[in-house]
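Here is the structure we will look at.
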Amino acid sequence: MSAVSLPLDEEVVTITSAGVSPLLPTYKRAPMQLVRGEGVELIDSDGKRYLDFASGIAVNALGYGDPGIAQAMSDALSTGLIHTSNLYRTPAGERLAAKLVERSFASQVFFCNSGAEANEGAFKFARRWGRKIGTDAKVEIIALRGSFHGRLFASLAATDRPSYRAPFRPLAGAVSICERDIAELDTALDEERVAALIVEPIQGEGGVRVLDSDFLRRLRTLTAQREIALIFDEIQCGLGRTGYFFAYENLGVVPDMLTLAKPLAGGLPMGAVLVSEEIGATIQPGDHGTTFGGGPLVAAVAAHVVDRLSDTSLLEAVRENGAWLGEQLGAIARRSGKVRAIRGTGYIWGLDVIEPANEIVKRGWDEGLLALTAGEYTLRLLPPLVMDRDELTRGLKILEKIISK
(Lines give C-alpha, C1' and ligand atoms only; values in the text may rest on other atoms or scores of the structure.)
Protein backbone atom coordinates (compact mmCIF):
# COMPACT_ATOMS: atom_id res chain seq x y z
CA MET A 1 0.00 0.00 0.00
CA SER A 2 1.14 3.58 -0.57
CA ALA A 3 1.95 5.71 2.44
CA VAL A 4 2.49 9.34 3.27
CA SER A 5 5.45 10.82 5.11
CA LEU A 6 4.56 12.95 8.08
CA PRO A 7 6.89 15.14 10.16
CA LEU A 8 7.51 13.36 13.43
CA ASP A 9 9.40 14.15 16.61
CA GLU A 10 11.46 11.03 17.28
CA GLU A 11 12.94 12.18 20.57
CA VAL A 12 12.93 9.27 23.02
CA VAL A 13 11.37 10.22 26.34
CA THR A 14 13.25 8.61 29.20
CA ILE A 15 11.80 7.59 32.52
CA THR A 16 12.63 9.50 35.69
CA SER A 17 15.90 9.04 37.53
CA ALA A 18 14.05 6.91 40.06
CA GLY A 19 13.11 4.50 37.26
CA VAL A 20 9.43 5.46 37.35
CA SER A 21 7.45 6.33 34.22
CA PRO A 22 5.37 9.52 34.33
CA LEU A 23 2.48 7.42 32.96
CA LEU A 24 0.18 5.71 35.44
CA PRO A 25 1.03 1.98 35.23
CA THR A 26 -2.36 0.62 34.16
CA TYR A 27 -0.57 -1.33 31.39
CA LYS A 28 2.57 -3.44 31.33
CA ARG A 29 4.07 -1.72 28.33
CA ALA A 30 6.64 -3.26 26.00
CA PRO A 31 10.15 -1.83 26.42
CA MET A 32 10.58 -0.28 22.94
CA GLN A 33 9.33 3.17 22.00
CA LEU A 34 7.49 3.28 18.69
CA VAL A 35 8.14 6.43 16.68
CA ARG A 36 6.87 5.75 13.13
CA GLY A 37 4.53 3.56 11.15
CA GLU A 38 4.72 2.62 7.47
CA GLY A 39 2.26 0.34 5.73
CA VAL A 40 1.86 -2.64 8.04
CA GLU A 41 5.06 -2.09 10.00
CA LEU A 42 5.96 -0.08 13.09
CA ILE A 43 9.43 1.35 13.70
CA ASP A 44 11.02 1.95 17.09
CA SER A 45 13.48 4.61 18.26
CA ASP A 46 16.43 2.37 17.31
CA GLY A 47 15.14 1.97 13.75
CA LYS A 48 14.00 -1.63 14.27
CA ARG A 49 10.94 -2.66 12.27
CA TYR A 50 8.06 -4.78 13.56
CA LEU A 51 5.49 -6.50 11.37
CA ASP A 52 2.16 -5.72 12.98
CA PHE A 53 -0.13 -8.66 13.83
CA ALA A 54 -1.85 -6.57 16.54
CA SER A 55 -3.22 -3.46 14.77
CA GLY A 56 -3.20 -1.45 17.99
CA ILE A 57 -5.70 -4.00 19.39
CA ALA A 58 -7.81 -4.19 16.20
CA VAL A 59 -7.82 -0.42 15.65
CA ASN A 60 -5.41 0.20 12.76
CA ALA A 61 -7.35 -1.67 10.09
CA LEU A 62 -5.81 0.47 7.33
CA GLY A 63 -2.26 0.16 8.65
CA TYR A 64 0.02 3.19 8.99
CA GLY A 65 0.50 6.26 6.84
CA ASP A 66 -2.73 5.72 4.93
CA PRO A 67 -2.96 8.67 2.51
CA GLY A 68 -6.76 8.78 2.66
CA ILE A 69 -6.76 9.19 6.44
CA ALA A 70 -4.14 11.93 6.18
CA GLN A 71 -6.21 13.72 3.53
CA ALA A 72 -9.41 13.38 5.56
CA MET A 73 -7.64 14.89 8.57
CA SER A 74 -6.21 17.71 6.46
CA ASP A 75 -9.56 18.52 4.89
CA ALA A 76 -11.28 18.49 8.29
CA LEU A 77 -8.63 20.71 9.87
CA SER A 78 -8.92 23.20 7.00
CA THR A 79 -12.44 24.04 8.18
CA GLY A 80 -11.12 25.18 11.56
CA LEU A 81 -13.62 22.86 13.28
CA ILE A 82 -11.93 20.28 15.47
CA HIS A 83 -14.68 20.45 18.06
CA THR A 84 -18.11 22.07 18.35
CA SER A 85 -19.84 19.96 21.07
CA ASN A 86 -23.13 18.19 20.47
CA LEU A 87 -25.14 21.34 21.05
CA TYR A 88 -24.73 22.01 17.32
CA ARG A 89 -25.12 20.05 14.10
CA THR A 90 -22.15 19.43 11.80
CA PRO A 91 -22.14 17.99 8.27
CA ALA A 92 -19.41 15.47 9.15
CA GLY A 93 -21.31 13.90 12.05
CA GLU A 94 -24.60 13.64 10.21
CA ARG A 95 -22.94 12.31 7.05
CA LEU A 96 -21.21 9.56 9.02
CA ALA A 97 -24.41 8.61 10.84
CA ALA A 98 -26.22 8.39 7.50
CA LYS A 99 -23.53 6.07 6.11
CA LEU A 100 -23.86 3.70 9.09
CA VAL A 101 -27.66 3.73 8.94
CA GLU A 102 -27.56 3.01 5.21
CA ARG A 103 -25.23 0.04 5.77
CA SER A 104 -27.17 -1.48 8.69
CA PHE A 105 -30.49 -2.34 10.32
CA ALA A 106 -30.36 0.84 12.40
CA SER A 107 -32.47 3.98 12.10
CA GLN A 108 -30.23 6.19 14.28
CA VAL A 109 -26.71 6.36 15.72
CA PHE A 110 -25.19 7.72 18.93
CA PHE A 111 -21.50 8.64 18.81
CA CYS A 112 -19.14 8.55 21.79
CA ASN A 113 -15.40 8.15 22.39
CA SER A 114 -14.69 4.46 23.04
CA GLY A 115 -16.04 0.94 23.05
CA ALA A 116 -16.70 0.88 26.77
CA GLU A 117 -18.70 4.10 26.46
CA ALA A 118 -20.65 2.61 23.56
CA ASN A 119 -21.66 -0.38 25.68
CA GLU A 120 -22.56 1.82 28.65
CA GLY A 121 -24.74 3.88 26.34
CA ALA A 122 -26.40 0.77 24.92
CA PHE A 123 -27.23 -0.42 28.45
CA LYS A 124 -28.88 2.93 29.22
CA PHE A 125 -30.86 2.87 26.00
CA ALA A 126 -31.98 -0.71 26.73
CA ARG A 127 -33.23 0.27 30.19
CA ARG A 128 -35.01 3.33 28.83
CA TRP A 129 -36.74 1.16 26.22
CA GLY A 130 -37.42 -1.65 28.70
CA ARG A 131 -39.24 0.63 31.09
CA LYS A 132 -41.20 2.12 28.20
CA ILE A 133 -42.56 -1.22 26.97
CA GLY A 134 -42.69 -2.93 30.36
CA THR A 135 -42.44 -1.85 33.98
CA ASP A 136 -39.76 -0.35 36.19
CA ALA A 137 -38.60 -3.92 36.86
CA LYS A 138 -37.49 -4.47 33.24
CA VAL A 139 -33.90 -3.24 33.67
CA GLU A 140 -31.57 -6.25 33.89
CA ILE A 141 -28.68 -6.74 31.48
CA ILE A 142 -27.32 -10.24 30.78
CA ALA A 143 -23.90 -11.03 29.26
CA LEU A 144 -22.30 -14.36 28.38
CA ARG A 145 -19.50 -16.40 29.92
CA GLY A 146 -16.22 -15.39 28.27
CA SER A 147 -17.43 -11.86 27.52
CA PHE A 148 -15.45 -8.64 27.54
CA HIS A 149 -17.44 -5.42 27.20
CA GLY A 150 -15.21 -2.80 28.83
CA ARG A 151 -13.84 -1.53 32.13
CA LEU A 152 -16.36 1.10 33.22
CA PHE A 153 -18.75 0.12 36.00
CA ALA A 154 -21.65 -1.33 34.01
CA SER A 155 -19.49 -2.69 31.18
CA LEU A 156 -17.11 -4.22 33.74
CA ALA A 157 -20.06 -5.90 35.44
CA ALA A 158 -20.80 -7.49 32.06
CA THR A 159 -17.17 -8.60 31.60
CA ASP A 160 -16.24 -12.14 32.60
CA ARG A 161 -12.81 -11.41 34.06
CA PRO A 162 -12.86 -11.94 37.85
CA SER A 163 -9.39 -10.40 38.28
CA TYR A 164 -10.55 -7.22 36.53
CA ARG A 165 -13.75 -7.03 38.57
CA ALA A 166 -12.65 -7.88 42.10
CA PRO A 167 -10.74 -4.68 43.02
CA PHE A 168 -13.65 -2.45 42.00
CA ARG A 169 -16.68 -4.05 43.58
CA PRO A 170 -19.45 -3.13 44.04
CA LEU A 171 -20.06 -2.86 40.30
CA ALA A 172 -23.25 -1.68 38.62
CA GLY A 173 -26.28 -3.63 39.78
CA ALA A 174 -28.75 -5.69 37.74
CA VAL A 175 -26.00 -6.89 35.37
CA SER A 176 -25.20 -10.60 35.34
CA ILE A 177 -23.23 -13.21 33.37
CA CYS A 178 -24.72 -16.49 32.15
CA GLU A 179 -23.21 -19.59 30.60
CA ARG A 180 -23.20 -19.94 26.82
CA ASP A 181 -26.02 -22.44 27.15
CA ILE A 182 -29.48 -22.17 25.63
CA ALA A 183 -31.20 -23.99 28.50
CA GLU A 184 -29.69 -21.68 31.13
CA LEU A 185 -30.43 -18.60 29.04
CA ASP A 186 -33.99 -19.76 28.45
CA THR A 187 -34.45 -19.58 32.22
CA ALA A 188 -32.49 -16.36 32.73
CA LEU A 189 -34.20 -14.36 29.99
CA ASP A 190 -37.24 -13.39 32.02
CA GLU A 191 -39.34 -10.99 29.95
CA GLU A 192 -40.56 -9.16 33.05
CA ARG A 193 -37.08 -8.34 34.39
CA VAL A 194 -34.56 -8.44 31.52
CA ALA A 195 -34.13 -5.43 29.25
CA ALA A 196 -31.21 -6.68 27.14
CA LEU A 197 -28.82 -9.49 26.30
CA ILE A 198 -25.38 -8.39 25.08
CA VAL A 199 -23.31 -10.75 22.94
CA GLU A 200 -19.99 -10.62 21.09
CA PRO A 201 -20.41 -12.71 17.92
CA ILE A 202 -16.68 -13.43 18.35
CA GLN A 203 -15.43 -13.15 21.92
CA GLY A 204 -12.11 -11.42 21.30
CA GLU A 205 -10.59 -10.90 24.74
CA GLY A 206 -12.25 -14.11 25.89
CA GLY A 207 -10.02 -16.27 23.69
CA VAL A 208 -11.26 -15.53 20.13
CA ARG A 209 -14.29 -17.77 20.56
CA VAL A 210 -16.50 -17.76 17.48
CA LEU A 211 -20.07 -18.22 18.68
CA ASP A 212 -22.10 -20.73 16.68
CA SER A 213 -24.53 -19.09 14.27
CA ASP A 214 -27.31 -21.50 15.22
CA PHE A 215 -26.81 -20.57 18.89
CA LEU A 216 -27.06 -16.87 17.99
CA ARG A 217 -30.19 -17.45 15.91
CA ARG A 218 -31.83 -19.22 18.86
CA LEU A 219 -30.92 -16.29 21.09
CA ARG A 220 -32.50 -13.95 18.57
CA THR A 221 -35.70 -15.99 18.65
CA LEU A 222 -35.83 -16.01 22.45
CA THR A 223 -35.17 -12.31 22.83
CA ALA A 224 -37.64 -11.32 20.12
CA GLN A 225 -40.39 -13.46 21.63
CA ARG A 226 -39.84 -11.91 25.07
CA GLU A 227 -39.28 -8.30 23.98
CA ILE A 228 -35.68 -8.30 25.19
CA ALA A 229 -33.21 -6.15 23.26
CA LEU A 230 -30.39 -8.10 21.62
CA ILE A 231 -27.16 -6.08 21.61
CA PHE A 232 -24.26 -7.19 19.44
CA ASP A 233 -20.90 -5.93 20.66
CA GLU A 234 -18.87 -5.74 17.43
CA ILE A 235 -16.24 -3.44 18.87
CA GLN A 236 -13.45 -5.89 18.03
CA CYS A 237 -15.00 -8.19 15.43
CA GLY A 238 -16.94 -5.64 13.36
CA LEU A 239 -16.03 -3.22 10.57
CA GLY A 240 -14.51 -5.72 8.18
CA ARG A 241 -12.46 -7.96 10.46
CA THR A 242 -14.51 -11.06 9.63
CA GLY A 243 -14.56 -10.23 5.92
CA TYR A 244 -18.01 -8.68 6.27
CA PHE A 245 -18.61 -5.03 7.12
CA PHE A 246 -20.62 -6.10 10.16
CA ALA A 247 -20.09 -9.56 11.67
CA TYR A 248 -23.85 -10.08 11.96
CA GLU A 249 -24.26 -9.94 8.18
CA ASN A 250 -23.01 -13.51 7.79
CA LEU A 251 -24.97 -14.97 10.70
CA GLY A 252 -28.61 -14.70 9.70
CA VAL A 253 -29.23 -12.63 12.83
CA VAL A 254 -30.15 -8.94 13.08
CA PRO A 255 -29.71 -7.33 16.52
CA ASP A 256 -31.65 -4.44 18.03
CA MET A 257 -28.52 -2.50 18.89
CA LEU A 258 -24.90 -2.72 17.74
CA THR A 259 -21.83 -1.21 19.38
CA LEU A 260 -18.73 -0.19 17.43
CA ALA A 261 -15.39 1.46 18.17
CA LYS A 262 -11.75 0.39 17.61
CA PRO A 263 -11.13 0.94 13.84
CA LEU A 264 -14.05 3.31 13.33
CA ALA A 265 -12.05 6.56 13.16
CA GLY A 266 -8.72 5.14 12.00
CA GLY A 267 -7.03 5.45 15.40
CA LEU A 268 -8.80 8.58 16.62
CA PRO A 269 -11.03 7.93 19.65
CA MET A 270 -14.56 7.10 18.58
CA GLY A 271 -17.35 4.70 19.46
CA ALA A 272 -20.91 4.32 18.23
CA VAL A 273 -24.22 2.75 19.22
CA LEU A 274 -26.52 1.81 16.34
CA VAL A 275 -30.14 1.50 17.41
CA SER A 276 -33.31 0.16 15.84
CA GLU A 277 -36.23 2.44 15.09
CA GLU A 278 -38.22 1.03 18.01
CA ILE A 279 -35.51 1.67 20.57
CA GLY A 280 -34.54 5.02 19.08
CA ALA A 281 -38.12 6.24 19.43
CA THR A 282 -37.92 5.96 23.23
CA ILE A 283 -34.79 8.11 23.66
CA GLN A 284 -35.43 11.73 24.62
CA PRO A 285 -33.18 14.82 24.88
CA GLY A 286 -31.25 14.64 28.14
CA ASP A 287 -31.31 10.84 28.38
CA HIS A 288 -27.62 10.60 27.50
CA GLY A 289 -24.81 12.85 26.38
CA THR A 290 -21.20 13.32 25.33
CA THR A 291 -19.06 16.43 24.94
CA PHE A 292 -16.65 15.07 22.36
CA GLY A 293 -18.50 12.17 20.72
CA GLY A 294 -18.82 12.39 16.94
CA GLY A 295 -16.98 15.70 16.64
CA PRO A 296 -16.29 17.05 13.15
CA LEU A 297 -12.65 15.94 12.93
CA VAL A 298 -13.12 12.34 14.08
CA ALA A 299 -16.36 11.99 12.13
CA ALA A 300 -14.72 13.15 8.91
CA VAL A 301 -11.93 10.59 9.32
CA ALA A 302 -14.43 7.88 10.26
CA ALA A 303 -16.42 8.55 7.08
CA HIS A 304 -13.30 7.78 5.05
CA VAL A 305 -12.64 4.62 7.09
CA VAL A 306 -16.23 3.43 6.65
CA ASP A 307 -15.97 3.90 2.90
CA ARG A 308 -12.67 1.99 2.75
CA LEU A 309 -13.88 -0.86 4.94
CA SER A 310 -17.08 -1.13 2.89
CA ASP A 311 -15.08 -1.84 -0.26
CA THR A 312 -16.15 -5.23 -1.62
CA SER A 313 -12.67 -6.09 -2.92
CA LEU A 314 -11.11 -5.45 0.50
CA LEU A 315 -13.75 -7.54 2.26
CA GLU A 316 -13.34 -10.36 -0.26
CA ALA A 317 -9.57 -10.32 0.28
CA VAL A 318 -10.07 -10.55 4.06
CA ARG A 319 -12.39 -13.56 3.62
CA GLU A 320 -10.04 -15.34 1.18
CA ASN A 321 -6.85 -14.57 3.09
CA GLY A 322 -8.62 -15.44 6.33
CA ALA A 323 -9.48 -18.92 5.08
CA TRP A 324 -5.88 -19.35 3.93
CA LEU A 325 -4.65 -18.08 7.32
CA GLY A 326 -6.66 -20.76 9.09
CA GLU A 327 -5.06 -23.45 6.92
CA GLN A 328 -1.55 -22.11 7.54
CA LEU A 329 -2.10 -21.83 11.29
CA GLY A 330 -3.33 -25.43 11.31
CA ALA A 331 -0.13 -26.50 9.58
CA ILE A 332 1.98 -24.59 12.11
CA ALA A 333 0.09 -26.31 14.92
CA ARG A 334 0.80 -29.74 13.45
CA ARG A 335 4.47 -29.06 12.79
CA SER A 336 5.20 -27.43 16.13
CA GLY A 337 3.18 -29.70 18.41
CA LYS A 338 2.77 -26.69 20.70
CA VAL A 339 -0.70 -25.45 19.73
CA ARG A 340 -3.72 -27.13 21.29
CA ALA A 341 -6.50 -25.36 19.36
CA ILE A 342 -7.08 -22.71 16.70
CA ARG A 343 -10.16 -20.50 16.45
CA GLY A 344 -11.08 -17.60 14.24
CA THR A 345 -12.14 -16.25 10.88
CA GLY A 346 -11.06 -13.46 8.57
CA TYR A 347 -8.30 -11.45 10.25
CA ILE A 348 -9.08 -12.42 13.86
CA TRP A 349 -7.47 -15.64 15.17
CA GLY A 350 -6.67 -17.22 18.51
CA LEU A 351 -4.18 -20.01 19.16
CA ASP A 352 -4.28 -21.95 22.43
CA VAL A 353 -0.63 -22.64 23.26
CA ILE A 354 1.05 -24.83 25.87
CA GLU A 355 3.09 -22.08 27.56
CA PRO A 356 2.07 -18.61 28.76
CA ALA A 357 1.17 -16.72 25.59
CA ASN A 358 2.89 -13.60 26.83
CA GLU A 359 6.24 -15.38 26.61
CA ILE A 360 5.64 -15.97 22.91
CA VAL A 361 4.64 -12.33 22.44
CA LYS A 362 7.92 -11.23 24.04
CA ARG A 363 9.93 -13.51 21.74
CA GLY A 364 8.09 -11.86 18.87
CA TRP A 365 9.51 -8.47 19.86
CA ASP A 366 13.03 -9.85 19.40
CA GLU A 367 12.12 -11.27 15.99
CA GLY A 368 10.25 -8.18 14.77
CA LEU A 369 6.65 -9.33 15.18
CA LEU A 370 3.89 -7.75 17.26
CA ALA A 371 1.11 -10.06 18.50
CA LEU A 372 -1.34 -10.11 21.41
CA THR A 373 -2.72 -12.41 24.06
CA ALA A 374 -6.36 -13.25 24.85
CA GLY A 375 -6.02 -14.92 28.21
CA GLU A 376 -3.01 -16.61 29.77
CA TYR A 377 -2.64 -19.38 27.21
CA THR A 378 -4.15 -17.88 24.06
CA LEU A 379 -2.16 -16.02 21.44
CA ARG A 380 -4.26 -13.51 19.46
CA LEU A 381 -3.59 -12.32 15.92
CA LEU A 382 -5.24 -9.15 14.55
CA PRO A 383 -3.33 -7.99 11.45
CA PRO A 384 -4.36 -4.82 9.62
CA LEU A 385 -7.05 -5.59 7.05
CA VAL A 386 -4.81 -4.24 4.28
CA MET A 387 -2.07 -6.81 4.98
CA ASP A 388 -1.50 -8.90 1.83
CA ARG A 389 -0.62 -12.59 1.42
CA ASP A 390 3.15 -11.98 1.16
CA GLU A 391 3.18 -9.94 4.37
CA LEU A 392 1.03 -12.52 6.13
CA THR A 393 3.44 -15.24 5.00
CA ARG A 394 6.39 -13.32 6.42
CA GLY A 395 4.59 -12.97 9.73
CA LEU A 396 3.63 -16.64 9.85
CA LYS A 397 7.26 -17.68 9.42
CA ILE A 398 8.21 -15.58 12.44
CA LEU A 399 5.18 -16.88 14.34
CA GLU A 400 6.17 -20.51 13.79
CA LYS A 401 9.69 -19.74 14.93
CA ILE A 402 8.64 -18.10 18.20
CA ILE A 403 6.00 -20.74 18.96
CA SER A 404 8.45 -23.61 18.31
CA LYS A 405 11.38 -22.03 20.13
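The values are calculated or read from the model by the stated rules, or taken from the named source; none is laboratory data. These numbers were taken from a predicted model, which means no experiment stands behind them. When we count neighbours, we look across all protein chains shown, and the Cβ atoms used for this are built from the backbone with ideal geometry, even at glycine.
Worth pointing out:
- Test: residue in region 358-371 that is closer than 24 Å to Tyr64 by Cβ, among the small types (Gly, Ala, Ser) and surrounded by fewer than 22 Cβ atoms within 10 Å (Cβ to Cβ): yes
- Trp349 being crowded, with 16+ Cβ neighbours inside 10 Å, closer than 28 Å to Arg308 by Cα, of a type in the set (Phe, Trp, Tyr) and in contact (Cβ under 8 Å) with a residue 40 or more places away in the chain: yes
- Flag if Gly280 is crowded, with 24+ Cβ neighbours inside 10 Å and either in the same structural domain as Tyr377 (by TED's automatic domain parsing) or of a type outside the set (Lys, Arg) (or both): no
- Those residues of region 138-159 which are touching a His at 6+ places or on another chain (Cβ under 9 Å) and either outside any helix (DSSP H, G or I) or surrounded by fewer than 14 Cβ atoms within 10 Å (Cβ to Cβ) (or both), in sequence order: Ala143, Ala158, Thr159
- Any hit, region 323-337, residues being basic (Lys, Arg), exposed (fewer than 13 other Cβ atoms within 10 Å of the Cβ), more than 21 Å from the chain's Cα centre (by Cα) and in a strand (DSSP E or B): no
- Where a residue in region 368-391 is part of a loop (DSSP other than H, G, I, E, B) and its partner, wherever it lies, is among the polar types (S, T, N, Q), with Cβ under 6 Å and at least six apart: Leu382/Ser55; Pro384/Ser55; Pro384/Asn60
- Among the residues making up region 35-49, those that are buried (at least 16 other Cβ atoms within 10 Å of the Cβ) and either more than 22 Å from the chain's Cα centre (by Cα) or in a loop (DSSP other than H, G, I, E, B) (or both) are Val35, Arg36, Val40, Ile43, Asp44.
- Checking each residue in region 283-305 for being buried (at least 22 other Cβ atoms within 10 Å of the Cβ) and among the β-branched types (Val, Ile, Thr) picks out Val298, Val301, Val305.
- Number of residues in region 333-348 that are in contact with a helix residue (DSSP H, G or I) (Cβ under 6 Å, 6 or more places away or on another chain) and closer than 20 Å to Ser55 by Cβ equals 4.
- Screening region 160-277 for strands (runs of 3 or more DSSP E) wholly inside it with 3 or more residues that are surrounded by 18 or more Cβ atoms within 10 Å (Cβ to Cβ) and under 19 Å from the mean Cα position of the chain (by Cα) returns the ranges 194-199, 229-233, 257-260, 271-275.
- For region 343-379, the set of residues classified as touching a Gly at 6+ places or on another chain (Cβ under 6 Å) and farther than 21 Å from Gly63 by Cα consists of Arg343, Ala374, Gly375, Thr378, listed by residue number.
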